[in-house]
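Rule-based calculations on the coordinates, nothing more; no lab input. As the structure is a prediction and not an experimental result, all values here were calculated from the model. Here the Cβ is made from the backbone with ideal geometry for all residues, glycine too, and neighbour counts use every protein chain on show.
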Amino acid sequence: MYKGVLDLHSYLAFAVLALLLLAILNAFIGLSAKRAFLPKDRQISMLALIFTHVQFVIGLVLLFVSPYMETAKQLGMGAVMKNAEIRKMVIEHPVINLIAIVFITIGWSTHKRTEDSTTKFKKIGIFYVIGLVLLLSRIPWSQWL
């Protein structure tokens, strides 16, 4: 089960990163062109939001079936915090990614509360960029590529 969930989580990560990048580029292009926020802009942003949330849920499932979690339970929290690899996979990766998804969700939620297209594009662009940077900072590159 672990291998299947890990593969799904890894492949879905490519889709999440691509959709976030697409939503960010779309937001900044719309902002620079000073055009109206159209239904397609909403759909692109919402698709990125949905994929990030699905990815996080799959990541939580992965965390609890992971051998890293078993090792962390055996070692105890003090030893986990001293081991960089286990700390990254059990603490840093999930927590920072949760914070990233919170930023993405804030961008989505705040854009809905305004009527001004410029503000909508700014909210999506800024908050999605923050989320993307946080996600990129905690990807376990050595295991992923």
Condition met for Phe28 (in contact (Cβ under 8 Å) with a residue 24 or more places away in the chain and in contact with a Lys or Arg (Cβ under 7 Å, 6 or more places away or on another chain)): no
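Yes/no matrix, rows are residues, columns are (1) of a type in the set (Phe, Trp, Tyr); (2) surrounded by 16 or more Cβ atoms within 10 Å (Cβ to Cβ); (3) closer than 20 Å to His9 by Cβ:
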{"residue": "Phe64", "(1), (2), (3)": "yes, no, yes"}
{"residue": "Glu70", "(1), (2), (3)": "no, no, yes"}
{"residue": "Val80", "(1), (2), (3)": "no, yes, no"}
{"residue": "His111", "(1), (2), (3)": "no, yes, no"}
{"residue": "Lys120", "(1), (2), (3)": "no, yes, no"}
{"residue": "Phe127", "(1), (2), (3)": "yes, yes, no"}
{"residue": "Ile130", "(1), (2), (3)": "no, yes, no"}
For Ser109, the lone unmet condition from (1) assigned to a helix (DSSP H, G or I); (2) closer than 18 Å to Phe51 by Cβ; (3) touching a residue at least 24 places away in the same chain (Cβ under 8 Å) is (3)
Pick from region 16-34 the residues that are within 20 Å of Ile130 (Cβ to Cβ) and small (Gly, Ala, Ser): which of them is surrounded by the most Cβ atoms within 10 Å (Cβ to Cβ)? Ala23
Helices (runs of 4 or more DSSP H) wholly inside region 1-87 that include at least 3 residues being in contact with an Asp or Glu (Cβ under 8 Å, 6 or more places away or on another chain) and closer than 30 Å to Ser117 by Cα: 2-33
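Considering Phe51, Phe56, Phe37, which residue is touching a residue at least 12 places away in the same chain (Cβ under 8 Å), surrounded by 15 or more Cβ atoms within 10 Å (Cβ to Cβ) and in contact with a Leu (Cβ under 6 Å, 6 or more places away or on another chain)? If you could, list the steps in order and put the result at the bottom.
Details: Phe56 fails: in contact with a Leu (Cβ under 6 Å, 6 or more places away or on another chain); Phe37 fails: in contact with a Leu (Cβ under 6 Å, 6 or more places away or on another chain).
Going through Phe51, Phe56, Phe37 in turn, the sole match is Phe51.
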